[in-house]
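A.B. asks: Would you mind keeping the following structure in view while I ask a few things?
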């Protein structure tokens, strides 16, 4: 029996779609991240019960941090984007969260910069608040150790490929790290939207892409670029096609990042059938009904889609590009990841 709803909601389901194909399905993935981070802060004395935790969110992390704060007796302040919908706003209000939403913006970079700027203003006025920095602080890795243990215990022994959105780095990067520490051979495949600076695609825009959680128009400092073996850049049309096909084939109703990961996984399986593929479904599809699933008639047959293999970031192009990340870096491409010092 669980002591709190956050503990019950966080555990993922491992769903076998084929003998070598597994979906790691979450109701909301970032609860692991938020719970692990808040617990660490309390245990280290960085915060105490009753303190206020603040962060920026496009939606999923807001719910996760709100539940973590409820679990541990903290106050919560969220600066949210316009993608925080009414269903989530009402939940946050009842949970006692202070929610501010920035003005609508057609530009993802501006939206994220406005949120960060507003957090700076709030912290100046309230220096006792603790900024969680989900995009920058490596404490968000800690909670995912449990996820890696679940995979290691339930997925048969042998080489793995873990496929999912790069996000803040505290999901695929963390799970891959802990699986490798457990002795599993892991190929880590990261999924990115075009326009994200995280792996250098900011020069290729995709105005339809609405899954900011897997990439960013601002620098994410807790992404450890050296962990990744392959990177796929997927646009809205391809992600939609993957999500629709996943629902049709398996009944799994998940977000657009899952559609992109499923599409990517099927292509990677065709390249290399020597390992078990685990792809991440980070959230459900409910908030994408109007913006994506309602357009299901536009979905393409994913077997007809294939990525453009690149050797330089200058070759990136729609609708889907991919590369061996270590090979691209070794080729002398001028792009360099941010140099940061993270707390471990």
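A.B. asks: Grab the eigenvalues of the alpha-carbon gyration tensor for the chain, scale each by 5, take roots, and send me the semi-axes largest first in whole angstrom.
C.D. replies: 30, 22, 21
A.B. asks: Taking springs between alpha-carbon atoms closer than 10 angstrom, which of 304, 312, 216 fluctuates most in the Gaussian network model of the chain?
C.D. replies: With Cα springs under 10 Å in the chain, the top fluctuation among 304, 312, 216 is at 304.
A.B. asks: Summing -39500 (n - 2.57) over the DSSP H runs of n ≥ 4 in the chain and dividing by its residue number, what mean residue ellipticity at 222 nm do you reach, to the nearest 500 deg cm²/dmol?
C.D. replies: When only DSSP H runs of four or more count, the value is -10500 deg cm²/dmol.
A.B. asks: Per Stokes-Einstein, at 20 °C and 1.002 mPa s, what whole-number D in µm² s⁻¹ belongs to the range 31-138, with the Kirkwood radius over Cα pairs as the hydrodynamic radius?
C.D. replies: Result for D is 155 µm²/s.
A.B. asks: Multiply the residue separation of residue 308 and residue 1 by 0.36 nm, subtract the distance between their alpha-carbon atoms, and state the gained length in nm to one decimal.
C.D. replies: Stretched fully, the residue 308-residue 1 segment lengthens by 105.7 nm.
A.B. asks: Roughly what % antiparallel, to the nearest 5, for the DSSP beta bridges in the range 224-341?
C.D. replies: Antiparallel bridges: around 75 percent, rounded to the nearest 5.
A.B. asks: Moving on to the next point. Can you give me the orientation-averaged projected area of the convex hull built on the Cα atoms of the range 152-236, in nm²?
C.D. replies: The number I arrive at for the range 152-236 is 5.6 nm².
A.B. asks: Can you sort 223, 47 so the residue with the fewest Cβ neighbours within 10 Å comes first?
C.D. replies: So the ranking, lowest neighbour count to highest, is 47, 223.
A.B. asks: Can you sort 177, 172, 322 so the residue with the fewest Cβ neighbours within 10 Å comes first?
C.D. replies: Arranged by neighbour count, lowest to highest, 177, 172, 322 become 177, 322, 172.
A.B. asks: Another question, if that's okay. Where does the Debye-calculated log10 I(q)/I(0) of the range 71-186 sit at q = 0.14, 0.20, 0.23 Å⁻¹, using only Cα point scatterers of equal weight, no solvent?
C.D. replies: Relative scattering, expressed as log10 I(q)/I(0), comes to -0.79, -1.12, -1.26.
A.B. asks: Under the definition of Cα pairs under 8 Å and six or more residues apart, what whole-number percent is the relative contact order of the chain?
C.D. replies: Worked out over the chain, it gives 17 percent.
A.B. asks: Using only Cα atoms, tell me the angle between helix 256-271 and the longest principal axis of the chain; keep it within 0 to 90° and round to the nearest 10.
C.D. replies: So the helix axis and the longest Cα principal axis differ by about 30 degrees.
A.B. asks: Hey, what angle do you get for helix 236-250 against the long axis of the chain, alpha-carbon based, 0 to 90 degrees rounded to 10?
C.D. replies: So the helix axis and the longest Cα principal axis differ by about 80 degrees.
A.B. asks: With a point put 7 Å past each Cα toward its Cβ, work out how far residue 70 is from residue 43 in nm, to one decimal.
C.D. replies: Using points 7 Å along Cα→Cβ, the separation is 2.4 nm.
A.B. asks: Looking only at the chain, where both bridge partners belong to it, what percent of the DSSP beta bridges are antiparallel (to the nearest 5)?
C.D. replies: Rounded to the nearest five, the antiparallel share is 25 percent.
A.B. asks: Also, I was wondering about something else. How do 301, 208 rank when sorted from fewest to most other Cβ atoms within 10 Å of their own Cβ?
C.D. replies: Result, fewest neighbours first: 301, 208.
A.B. asks: Right, another one. If I fit a long axis through the Cα atoms of helix 60-72 and take the longest principal axis of the Cα atoms of the chain, what angle between them do I get, 0 to 90°, rounded to 10?
C.D. replies: Relative to the chain, helix 60-72 is tipped by roughly 40 degrees.
A.B. asks: Just to confirm my numbers, what's the Cα centroid distance between the range 1-53 and the range 63-136 in Å?
C.D. replies: Comparing the Cα centres of the range 1-53 and the range 63-136, I get a distance of 18 Å.
A.B. asks: Calculate, in nm to one decimal, what residue 249 and residue 274 gain on full extension: separation in residues at 0.36 nm each, minus their alpha carbon distance.
C.D. replies: Residue separation times 0.36 nm, minus the Cα-Cα distance, leaves 6.7 nm.
A.B. asks: Right, another one. Expected output is a single nm value to one decimal: the length gained when fully extending between residue 11 and residue 290, i.e. 0.36 nm times separation in residues minus the C-alpha distance. What is it?
C.D. replies: Extra length from residue 11 to residue 290 when fully extended: 97.7 nm.
Taken together, the values in this text are just the output of simple stated rules run on the coordinates, not laboratory data. Owing to the predicted nature of the structure, the values given are computational and were not obtained by experimental measurement. Note that each Cβ is placed from the backbone with ideal geometry, even for glycine, and that neighbours are counted across all protein chains shown.
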